[in-house]
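Here is the structure we will look at, set down as structure tokens.
A short reminder: the numbers here are calculations on the coordinates, not readings from a lab. Fair warning: this is a prediction, and the values are worked out from it, not measured in the lab. Cβ: placed from backbone, ideal geometry, glycine included. Neighbour counts: every protein chain shown.
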Amino acid sequence: MKKIEIIPYPKKLDLQLDIKSLVQEMALANLQFLSGDKTNRGAIHDAVNGIYLRGHSKQSIFGNPSLEPSNKYNEPYLECLPTIKKFLSDFPAKIIGRTALLLLDEHAQIPIHVDADPHGYFKKTLRFHVPIYTNEKVYFYNSDFFYHMAAGEVWCINNIARHGVINDGDAKRLHLVFDVFIDEEIINYIEKVQPSIAIPAKERPELMEKIGWKNRELPPYLRQKKHNNLNR
Ligand SMILES: O=C(O)CCC(=O)C(=O)O
Ligand SMILES: [Fe+2]
């Protein structure tokens, strides 16, 4: 089954992460975020600071996903965050992939992009997002729609389709972001999830202007609009 068939649009799962316990654990763990998300994710993620909890990009989980659920890919911080560790071990998928806490600056964007890697890791995995700190001015774009994700909610997105994030709020946004290797259990789980509220991107051209990385990556209707503006 292709990823686009499994996750044709973002889905909010019937699961919650216990944010209250997690926030207490995070305070105790004294987390040190790496500035500029120095994790091979490219310049588009300049506004993101990250902490890897599992499967850092240099580890073989990406190059050669041997599909072993081994703890050897865990990073030390994961031990300080038992709420996340338990959540991942209870998650309806056998093998958890790369896992990180990603902090997005206030008044910042992750421009529209498609995740790509030479090993096909992103084709073999599904990407999940769980907001920890967020605000109503954070918009997640995926395939021509915007989504609001509230704290503690668990969302699956399609990261090999176009996606990006805007944080227009005055505070930083923190997400737990993790991948799972596609298996039957997660496919069955995702299949049952009903569609969530989505805002068509064409209704929010000002947001699209903010996260359109390059003109050629904007959908045709916005390319046209830009062109018209130039002619005026
Ligand atoms: O929200 C983020 O920090 C990362 C979004 C993204 O590009 C992804 O999940 O691939
Ligand atoms: Fe991405």
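List of remarks:
- Counting every other Cβ atom within 10 Å of each residue's Cβ, F178, F146, F122 order from fewest to most as F122, F146, F178.
- Amide N proximity, segment 147-186 versus V114 label position 7 Å along Cα-to-Cβ, cut-off under 15 Å: 158-164
- Full-extension gain in nm, A198 to E79, via 0.36 nm per residue minus C-alpha separation: 39.3 nm
- Electrostatic dipole magnitude of segment 89-190 [Cβ: Lys, Arg +1; Asp, Glu -1; Cα centre; debye, to 20]: 220
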